[in-house]
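Below is one structure, written out as structure tokens; the observations come after it.
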Amino acid sequence: MSAEQASFTWRDGGRTVLFGPGNLDNAVAALADQGVSGFDLLSTERALAAAGELADAAGAVHEVAPGGVPDAAAAILDQASAPALAALGGGRVIDTAKAVAAVTGAEVAAIPTTLSGAEMTGIHRLPAGAEQRAKGLVRPSLVLADPELMTGLPEAQLRFSAMNALAHGADSLYTPFANPVSRMAALRGAELISEALDQPRESRERGDLALGSLLCGYAIDSALFAIHHVICQTLVRALEIPHAETNAAILPEAMAFMRERAPQQMTDLAAALGTEVESLPQRIRELGRPPALAELGADHERLDGALEAMTERPELGFTPDPPGREHLRAIVEAAW
């Protein structure tokens with residue numbers, strides 16, 4: 001039985017993941033069953049069109065503004081005062097809810113509409129101007145994962161989002177915090193993602209794709225991240241280019257770079273993707289069909305500033321034999 005046809009409940013410490021079709025339609029009942037009563041809803045205009053009774057049951061609805069998480073969270077921080085926040089949307093919406101909750105102490109329930117993995121992590125930025133008020137980073141305590149909802153993007157955007165998910169698993173394989181459980185989750189997640197993307201869209205096992213994303217999100221939450229995410233997060237902020245597309249563009253080049261620094265991990269990743277390590281970058285390109293950074297509107301004149309910011313990120317040190325500025329430049333230029 002494919003994951004698409006299966007439903008399960010996954011309790012992991014203080015987090016509960018409800019996986020299965022129809023979870024958006026049953027969201028109000030699921031929230032109540034998990035002890036969430038009064039809540040505000042954070043979402044976008046597009047996602048709200050499908051929110052149904054979830055929006056009706058919310059004490060207030062807050063549309064998350066375009067742009068970065070710190071500013072989006074700051075804009076609604078003083079209005080989103082409920083004891084719980086339900087986040088219906090992609091990674092930016094869920095991360096905004098986490099950022100607000102880091103200051104207010106609210107519980108977060110995540111209902112993902114993409115493969116961002118944000119619903120599985122306690123990794124996020126903080127509201128602009130309120131960083132000192134934060135009580136700590138927040139991991140959603142409830143995840144309502146509906147495979148149909150998570151995999152409904154148009155094909156090109158879905159593949160970019162899937163590469164974001166795959167990058168979570170890939171980058172987590174070689175950090176100092178990697179462990180047997182995180183590696184098993186990452187490699188199984190990578191396998192599910194690649195097998196699903198190899199299938200025609202009309203007959204794709206969408207549940208497998210969604211589950212692969214959750215497993216890779218779990219892996220990066222456990223083992224944290226290194227070179228790939230340092231590059232991508234910095235490029236997105238410094239060059240103001242889209243997140244999923246940037247991950248898709250950089251991932252083949254970052255994994256090519258890592259073949260010498262983490263040979264066993266890259267061999268294992270290649271096997272999960274159904275290829276040999278020598279063909280790993282090409283296999284990732286085949287799966288993600290990435291755009292070049294130039295196609296995303298990246299301004300090459302701002303690259304030096306971005307590279308400087310990358311070298312200042314402490315997470316870069318989680319990469320085996322941490323790369324220097326020229327190594328980082330070579331990876332980015334190869335994706336340009």
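None of the figures in this text is laboratory data; all of them are computed from the coordinates on show. None of these values were measured; they are calculated from a predicted model. Here the Cβ is made from the backbone with ideal geometry for all residues, glycine too, and neighbour counts use every protein chain on show.
Values computed for the structure shown
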| item | result |
| --- | --- |
| Peptides ranked, highest mean first, by Cβ atoms within 10 Å: ranges 31-41, 72-82, 115-125 | 115-125, 72-82, 31-41 |
| Signed unit charges on C-beta, dipole axis of segment 230-336, positive-most listed residue LEU239, GLY297, ILE284 | ILE284 |
| Phi to ³J(HN,Hα) by Karplus 6.51 cos²θ - 1.76 cosθ + 1.60 over segment 24-37, Hz, x for Gly, Pro | 5, 4, 9, 4, 5, 5, 5, 4, 4, 4, 8, x, 8, 9 |
| Segment 155-334 - Rg (one decimal) and Dmax (whole number), Cα, Å | 15.1, 45 |
| Cα gyration tensor category, rounded, prolate or oblate, for segment 3-150 with a/c compared to 1.5 | prolate |
| Amide H partners (placed H, <5 Å) of PHE39, local residues excluded | GLY59 |
| Order of ASP208, ASP56, ASP25 under a 10 Å beta carbon neighbour criterion, fewest first | ASP56, ASP25, ASP208 |
| Helix axis angle, 155-172 relative to the chain longest principal axis, alpha carbon, degrees | 70 degrees |
| For the chain, built as a Gaussian network whose Cα springs stay under 10 Å, the top-fluctuating residue of SER213, SER43, SER203 | SER203 |
| 222 nm mean residue ellipticity, helices alone, for the chain (DSSP H n ≥ 4; -39,500 (n - 2.57); rounded to 500) | -15000 deg cm²/dmol |
| Residue (of ALA330, PRO252, VAL103) at the positive-pole extreme of the chain, dipole from beta-carbon charges | VAL103 |
| Relative contact order, percent, the chain [alpha-carbon distance under 8 Å, six or more residues apart] | 15 percent |
| Check: segment 3-150 dipole with +1 on Lys, Arg Cβ and -1 on Asp, Glu Cβ, in debye | 560 debye |
| Segment 155-334: relative contact order in percent, alpha carbon pairs under 8 Å with at least 6 residues between | 28 percent |
| Around GLY68: net Lys/Arg minus Asp/Glu count, Cβ-Cβ under 15 Å | 0 |
| Assigned charges on the beta-carbon of Lys, Arg, Asp, Glu; the chain dipole about Cα centre (debye) | 560 debye |
| Answer label, with Rg and Dmax of the Cα atoms in Å calculated from the coordinates and candidates (i) 25.2, 87; (ii) 27.6, 109; (iii) 18.9, 54 | (iii) |
| Gaussian network model of the chain, springs between alpha carbon atoms under 10 Å - residue of THR113, THR151, THR104 with greatest fluctuation | THR104 |
| About the Cα centre, charge dipole magnitude for segment 178-336 (Lys/Arg +1, Asp/Glu -1 at Cβ), debye | 260 debye |
| Inter-centroid distance (Cα atoms) of segment 52-86 relative to segment 95-174, Å | 15 Å |
| Cα-based helix-to-principal-axis angle, 180-197 vs the chain, degrees rounded to 10 | 90 degrees |
| Bridge type composition, the chain - antiparallel percent by DSSP, nearest 5 | 20 percent |
| Degrees between helix 206-223 axis and first principal axis of the chain (Cα, 0 to 90, nearest 10) | 80 degrees |
| Chain lengthening between ARG285 and GLU308 when straightened (0.36 nm per residue, less Cα-Cα) | 5.6 nm |
| Listed residue (PHE39, THR16, LEU54) projecting farthest to the positive dipole end of segment 1-77, Cβ model | THR16 |
